[in-house]
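The values are calculated or read from the model by the stated rules, or taken from the named source; none is laboratory data. No experiment lies behind these values; they were computed from the predicted model shown. Here the Cβ is made from the backbone with ideal geometry for all residues, glycine too, and neighbour counts use every protein chain on show.
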Amino acid sequence: MTRTPVNVTITGAAGQIGYALLFRIASGHLLGADVPVNLRLLEITPALKAAEGVAMELDDCAFPLLRDITITDQLNTAFDGTNVALLVGARPRTAGMERGDLLAANGGIFGPQGKAINDNAADDIKVLVVGNPANTNALIAQRNAPDVPAERFTAMTRLDHNRAVAQLAKKAGVTVEDVKRVTIWGNHSATQYPDVFQSVVGGKAGFEAIGSDQAWLEEFFIPKVAKRGAEIIEVRGASSAASAANAAIDHVHTWVNGTAEGDWTSMGIVSDGSYGVPEGIISSFPVTTKEGKFEIVQGLEISDFSRARIDASVAELVAERDEVSKLGLI
Ligand SMILES: NC(=O)c1ccc[n+]([C@@H]2O[C@H](COP(=O)([O-])OP(=O)(O)OC[C@H]3O[C@@H](n4cnc5c(N)ncnc54)[C@H](O)[C@@H]3O)[C@@H](O)[C@H]2O)c1
Ligand SMILES: O=C(O)C[C@H](O)C(=O)O
């Protein structure tokens, strides 16, 4: 194999999502079965030993595509020549913490990481932020990387997208491949709006395919998808890990390799003002991707029902942006 390896940096590499992610990256699921990778694992100092243990297991898999593993607690080393950065490690919310405290704690992580990406990463860097609050953490990183094109910073709403697809397929009695054009709008939080009105399910308009069941949509589907993260925490006793890692793989794979003809995906991206979402915030939109670039799907008709829900989630993002701005993080 003669291809130059792609440098992939994973922060929080010794955590739950890291453990579910690394083996799939090393076996070719992120970038393709013919793309060799170098892995850069960034962890906080106390977790370096655990990261070494994960690296030992990666070695023991003898993955043909895995060329090199670097384990470090140094930002400049972690992002040196990085082509793809998966920013997973974050400060979780703990008891008694207000939103402002959480944003400030994460600002201390994502600001310096953005700067290190700015100063060290490869010219074609693509960044996916998974660590919560993902949209605003991505905004902080992006604003601290003024030399990197803003569109290279994205936040993960693919897990929400996949959750919506799965619920729609179940309701309509079709397979997940038969569910297309679902959109997650807004924030990766309970205010997000999973939109079925543009979707195509089993070849029919999505709303028709769910029996035009408005009550199911409002009382079951929307809260089920928007609050699924909390439901997983309650039932599993820990936040989603394998499904989050799977969504991160899907997000980058789709970004690099393109969306299927006639379909789209959902990504948290810097708004260009489309659909009335204020320019500059990182909000989820319907996007198509091709050759490593994405475009917002334009011209969708937005009903009053959808508009109110998009606006509510966007208002939350604006409030988060204002808060991190007040804290001097952007
Ligand atoms: N966007 C989504 O859809 C989505 C879904 C699931 C989870 N998440 C979020 O992903 C994050 C990680 O989840 P997890 O289950 O892997 O958590 P985890 O606690 O198991 O692992 C997090 C890891 O990050 C490391 N870390 C903390 N600060 C760091 C820093 N400054 N630099 C490098 N590493 C650092 C920790 O040492 C730990 O190993 C959480 O914020 C979680 O809420 C997001
Ligand atoms: O970690 C969380 O708070 C939940 C997570 O973002 C999820 O959607 O599963």
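Candidates are the residues of the stretch 227-249 that are more than 12 Å from ligand 1 (Cβ to nearest atom) and aliphatic (A, V, I, L, M); the one that is modelled with the highest pLDDT is 249. Quick one: is residue 82 under 17 Å from residue 25 (Cα atoms) and hydroxyl-bearing (Ser, Thr, Tyr)? The answer is yes for residue 82.
I'd like to check something: does the stretch 61-68 contain any residue that is within 16 Å of ligand 2 (Cβ to nearest atom), within 16 Å of residue 83 (Cα to Cα), surrounded by 17 or more Cβ atoms within 10 Å (Cβ to Cβ) and modelled with pLDDT of 95 or more?
Looking through the stretch 61-68, none of the residues is within 16 Å of ligand 2 (Cβ to nearest atom), within 16 Å of residue 83 (Cα to Cα), surrounded by 17 or more Cβ atoms within 10 Å (Cβ to Cβ) and modelled with pLDDT of 95 or more.
Number of residues in the stretch 69-93 that are under 22 Å from the mean Cα position of the chain (by Cα), outside any helix (DSSP H, G or I) and either surrounded by fewer than 17 Cβ atoms within 10 Å (Cβ to Cβ) or within 12 Å of ligand 1 (Cβ to nearest atom) (or both) equals 11. Taking the options 313, 240, 306, 283, name whichever one is buried (at least 19 other Cβ atoms within 10 Å of the Cβ) and part of a loop (DSSP other than H, G, I, E, B). Within the list 313, 240, 306, 283, the selection yields 240.
Would you pick out the residues in the stretch 180-202 that are part of a loop (DSSP other than H, G, I, E, B) and either touching a helix residue (DSSP H, G or I) at 6+ places or on another chain (Cβ under 7 Å) or at pLDDT below 95 (or both)?
182, 187, 188, 189, 190, 191, 192, 196, 197, 199, 202
Total residues in the stretch 238-255 satisfying the condition of being in contact with a strand residue (DSSP E or B) (Cβ under 6 Å, 6 or more places away or on another chain) and polar (S, T, N, Q): the figure is 1. Can residue 259 be described as among the β-branched types (Val, Ile, Thr), crowded, with 21+ Cβ neighbours inside 10 Å and either at pLDDT 95 or above or within 16 Å of ligand 2 (Cβ to nearest atom) (or both)? Answer is no for this residue. Quick check on my filter: what residues within the stretch 150-179 are under 18 Å from the mean Cα position of the chain (by Cα) and part of a loop (DSSP other than H, G, I, E, B)? 156, 157, listed by residue number. Selection of the stretch 286-303 for residues being within 12 Å of residue 193 (Cβ to Cβ) and surrounded by 15 or more Cβ atoms within 10 Å (Cβ to Cβ) yields 286, 302. The set of residues in the stretch 231-256 being within 16 Å of residue 167 (Cα to Cα) and either more than 11 Å from ligand 2 (Cβ to nearest atom) or touching a residue at least 12 places away in the same chain (Cβ under 8 Å) (or both) consists of 243, 247. The C-beta contact set for the stretch 108-124 (first residue assigned to a helix (DSSP H, G or I), second residue acidic (Asp, Glu), distance under 8 angstrom, 6+ apart or interchain) comprises 118/147; 120/80.
For the residues 56, 97, the requirement of being aliphatic (A, V, I, L, M) and modelled with pLDDT of 95 or more singles out 56. Taken over the stretch 19-60, the residue count meeting the criterion of being of a type in the set (A, V, I, L, M, F, W, C), crowded, with 17+ Cβ neighbours inside 10 Å, assigned to a loop (DSSP other than H, G, I, E, B) and touching an Asp or Glu at 6+ places or on another chain (Cβ under 8 Å) is 0. Within the stretch 205-251, restricting attention to residues that are closer than 16 Å to residue 172 by Cα and either among the polar types (S, T, N, Q) or not assigned by TED's automatic domain parsing to the domain that holds residue 166 (or both), the residue that is farthest from the chain's Cα centre (by Cα) is 212.
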